[in-house]
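Undergrad: Would you mind keeping the following structure in view while I ask a few things?
The values are calculated or read from the model by the stated rules, or taken from the named source; none is laboratory data. Note that this is a predicted model, so its numbers are computed, not measured. Glycine gets a Cβ as well: all are built from the backbone with ideal geometry, and neighbour counts include every protein chain shown.
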């Protein structure tokens, strides 16, 4: 009778989905954390980021992340492969998305103008997945648009800047250039 009730109400499917998600998360904890992660914004390089890790932020608080400035609406990509762990709002971060990845590290994306369409907690992500768009929500209201990017381990926040690597544009080779010229001639 209980199984029938769970099946009819759809609660059974939700329970199974939650169990699958938590099993995947548990498996992530058994993996080594990523030593290098992708820059969450495509057209920003590591050299363009001013290191704001540990900077004072009000009374008794320091900055637990890096602010990556970009025009409002710039797509924010996941820095790692993993699963969307949380989507929500808070006073400091405004609209936020958290992704959990290898080693149980949580990657925190804050001040989003808006979320990417159709993302949900439990979704698998890659370094090409758009999570949302740069904005000024939370305590960033009145500041230039930026992404606050944080990395949290099981023991607390760590500086993401040493982990970040630039996203690379596709390399142009002689073969690619020749092929592109041929395509352009046909057009």
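Undergrad: Please pick out the residue among 95, 66, 89 that is touching a strand residue (DSSP E or B) at 6+ places or on another chain (Cβ under 8 Å) and buried (at least 21 other Cβ atoms within 10 Å of the Cβ).
TA: 66
Undergrad: Could you run through the stretch 143-158 and say how many residues are assigned to a loop (DSSP other than H, G, I, E, B) and within 23 Å of residue 71 (Cα to Cα)?
TA: Of the residues in the stretch 143-158, the ones assigned to a loop (DSSP other than H, G, I, E, B) are 143-145, 154-155.
Cutting the leftovers down to within 23 Å of residue 71 (Cα to Cα) gives us 143-145.
Result for the stretch 143-158: 3.
Undergrad: Out of the strands (runs of 3 or more DSSP E) lying entirely within the stretch 66-108, which hold 1 or more residues that are free of Cβ contacts under 8 Å to residues at least 60 places away in the same chain and in the same structural domain as residue 124 (by TED's automatic domain parsing)?
TA: Numbers: elements: 66-69, 75-77, 82-90, 94-100.
The strands (runs of 3 or more DSSP E) meeting that bar are 75-77, 82-90, 94-100.
Undergrad: Kindly establish whether residue 143 is touching a strand residue (DSSP E or B) at 6+ places or on another chain (Cβ under 6 Å) and either assigned by TED's automatic domain parsing to the domain that holds residue 46 or at pLDDT 95 or above (or both).
TA: Here the answer is no, as residue 143 does not meet what is asked.
Undergrad: Which of the residues that make up the stretch 117-142 are surrounded by 12 or more Cβ atoms within 10 Å (Cβ to Cβ) and within 16 Å of residue 57 (Cα to Cα)?
TA: Selection gives 138, 139, 140.
Undergrad: In this structure, is residue 51 assigned by TED's automatic domain parsing to the domain that holds residue 148, part of a strand (DSSP E or B) and under 25 Å from residue 165 (Cβ atoms)?
TA: Considered against the rule, which asks whether it is assigned by TED's automatic domain parsing to the domain that holds residue 148, part of a strand (DSSP E or B) and under 25 Å from residue 165 (Cβ atoms), residue 51 comes out as no.
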